[in-house]
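Colleague: Take a look at the following structure, please.
The values are calculated or read from the model by the stated rules, or taken from the named source; none is laboratory data. Computed from a predicted structure; not experimentally measured. Positions of Cβ are backbone-derived with ideal geometry, glycine not excepted, and every protein chain shown enters the neighbour counts. Accessible surface is based on the protein model in full, side chains and every heavy atom, while ligands, DNA and RNA are left aside. Shrake-Rupley method; radii C 1.70, N 1.55, O 1.52, S 1.80 Å.
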Amino acid sequence: MNETPQLVALDWGTSSLRGWLMDAEGHVRGEYAAPHGIMALPEGGFAAAYAQARSGLGADPALPALACGMVGSTSGWRDVPYVACPADPARLVEGLGARDGDVLPIVPGVRLDGPTPDVMRGEETQIMGALSQHPQWGASSIMIMPGTHSKWVRIEGGQIESFRTFMTGELYAVLMKHSILGRPSQGGETSDSVRDDAFRRGVLQAAASESGLAPILFSARSLFVTGVLPGAATGDYLSGMVLGDEIRAGMMAIGGTAPGADTIGRVVIVGEDALSRRYARAFDLLGLPAPRMVGNTAAAGLFAIACQAGLVRAVVSAKGLS
């Protein structure tokens, strides 16, 4: 096994910066984390944050680096234009642009053109990481990327074929912090079973709503004031509703079928464990096949793209991306 570091891999978002030191086989040999997202930079700006990350990882000055995320946005260190769907590793490498002389090459985001365009930045790298680890999913699958702005992504032939963004996480935060609906949950306590029942009620209510989320949101208030729903569980009910609505709409927009259908294809959840488990619970409540869960695959994606770009000479090429 060759443990010599070959790559500095950085996932640089809005609020945080994560880094990994990776060897020629794609194994992580060191990790770094700092609250230095593009909106919270230290004195000295991007260059200082980058230098601190390399120092924190103990990276040799000559070691190549690759970053993904909002660092490549219009508010980032360098504006890296989106590449259009369908997007595969080769298209992403083309989008890196001229790498010679760049302080830090940055993976481009992906855009979906059409009457209602959509964009992603950072999620494309996690997708390539998931496909490098599980190339069988490249033939045809749906990848869900939970978060503030959740992504539902259709994978066909190893490419990002299409996707849709759902503002589920941000909508939930707004409802909880800035609306009358979330107020009863503040400071209250109740049992886990009551919370789970409220979440279940919310998921099923939203999934069954043919007219969408707007006409049923106020039920979080009416169920509370009529004594049906404990105040401490209204947050779980709202969480269930926004997730149930996302899954209903996501399966229609990306999966091509409605929740409850016997066959919906292969669904993969890419992201942090706690939120992924909540999505998996919602799938179970709706009687849908259990999705696969692969955690955060940003480091694997950065390594796979770096290999494709020739930044790293891998001992074992990234599966499915060579």
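Colleague: Quick one: in the range 63-110, which of the residues that are of a type in the set (V, I, T) and open to solvent by 30 Å² or more (accessible area, probe 1.4 Å) is nearest to the chain's Cα centre (by Cα)? If you could, list the steps in order and put the result at the bottom.
Modeller: Initial filter on the range 63-110 (of a type in the set (V, I, T)): 71, 74, 80, 83, 93, 103, 106-107, 110.
The next check asks that each one be open to solvent by 30 Å² or more (accessible area, probe 1.4 Å); those that pass are 74, 103.
On the way: T74: 20, V103: 26 Å.
The qualifying residue nearest to the chain's Cα centre (by Cα) is T74.
Colleague: Give me the pairs, please: first residue somewhere in the range 24-51 and in a loop (DSSP other than H, G, I, E, B), second residue anywhere and among the small types (G, A, S) and loosely packed, with under 14 Cβ neighbours inside 10 Å, beta-carbon distance under 6 Å, and either six or more positions apart or on two chains.
Modeller: Going by the 6 Å Cβ cut-off, the qualifying pairs are G37/S15; I38/S75; P42/A48.
Colleague: Follow-up. Taking the stated definitions as given, is E156 surrounded by 23 or more Cβ atoms within 10 Å (Cβ to Cβ) and either touching a Pro at 6+ places or on another chain (Cβ under 6 Å) or of a type outside the set (G, A, S) (or both)? Full working, then the answer.
Modeller: Numbers: surrounded by 23 or more Cβ atoms within 10 Å (Cβ to Cβ): no; either touching a Pro at 6+ places or on another chain (Cβ under 6 Å) or of a type outside the set (G, A, S) (or both): yes.
Judged against the criteria, E156 is not a match.
Colleague: Right, something else. Does the range 127-153 hold any residues that are of a type in the set (S, T, N, Q) and open to solvent by 30 Å² or more (accessible area, probe 1.4 Å), and which are they? Please lay out each step first, then the result.
Modeller: First, the residues of the range 127-153 that are of a type in the set (S, T, N, Q): 132-133, 136, 140-141, 148, 150.
Once the filter is applied, which keeps residues that are of a type in the set (S, T, N, Q) and open to solvent by 30 Å² or more (accessible area, probe 1.4 Å), the range 127-153 yields Q133, Q136, S140, T148.
Colleague: Additional query: Can you find a residue in the range 165-178 that is over 24 Å from the mean Cα position of the chain (by Cα) and surrounded by 15 or more Cβ atoms within 10 Å (Cβ to Cβ)?
Modeller: Taking every residue of the range 165-178 in turn, none turns out to be over 24 Å from the mean Cα position of the chain (by Cα) and surrounded by 15 or more Cβ atoms within 10 Å (Cβ to Cβ).
Colleague: Residues that are touching a helix residue (DSSP H, G or I) at 6+ places or on another chain (Cβ under 9 Å) and either open to solvent by 30 Å² or more (accessible area, probe 1.4 Å) or not aromatic (F, W, Y) (or both): does the range 111-118 have at least one? Give the derivation first.
Modeller: Here is the first cut: in the range 111-118, the residues touching a helix residue (DSSP H, G or I) at 6+ places or on another chain (Cβ under 9 Å) are none.
No, there is no match, as no residue in the range 111-118 is touching a helix residue (DSSP H, G or I) at 6+ places or on another chain (Cβ under 9 Å) and either open to solvent by 30 Å² or more (accessible area, probe 1.4 Å) or not aromatic (F, W, Y) (or both).
Colleague: Just one of the numbered conditions (1) small (G, A, S); (2) open to solvent by 40 Å² or more (accessible area, probe 1.4 Å); (3) over 24 Å from the mean Cα position of the chain (by Cα) is not true of A59; which one?
Modeller: (2)
Colleague: Say whether the condition of being under 24 Å from S185 (Cβ atoms), open to solvent by less than 60 Å² (accessible area, probe 1.4 Å) and modelled with pLDDT under 95 is met by at least one residue in the range 298-310. Give the derivation first.
Modeller: Of all residues in the range 298-310, those under 24 Å from S185 (Cβ atoms) come to none.
No - not one qualifying residue is present in the range 298-310.
Colleague: Can you tell me which of T226, T234 is open to solvent by less than 60 Å² (accessible area, probe 1.4 Å) and without any contact (Cβ under 8 Å) to a residue 60 or more places away in the chain? It would help to see each step written out before you state the result.
Modeller: Numbers: T226 fails: open to solvent by less than 60 Å² (accessible area, probe 1.4 Å).
Residue meeting the stated conditions: T234.
Colleague: Same structure, new question: Of all residues in the range 8-23, which are part of a loop (DSSP other than H, G, I, E, B) and open to solvent by less than 60 Å² (accessible area, probe 1.4 Å)?
Modeller: Filtering the range 8-23 for residues part of a loop (DSSP other than H, G, I, E, B) gives 13-16.
Within the range 8-23, G13, S16 meet the criteria.
Colleague: A further question follows. Restricting the search to the range 185-202, which residues are open to solvent by 30 Å² or more (accessible area, probe 1.4 Å) and at pLDDT 90 or above?
Modeller: Selection gives S191, D192, S193, V194, R195, D196, D197, R200, R201.
Colleague: Let me ask something else. Looking only at residues in the range 201-223 that are over 19 Å from G250 (Cβ atoms) and in contact (Cβ under 8 Å) with a residue 12 or more places away in the chain, which one is farthest from the chain's Cα centre (by Cα)?
Modeller: L223
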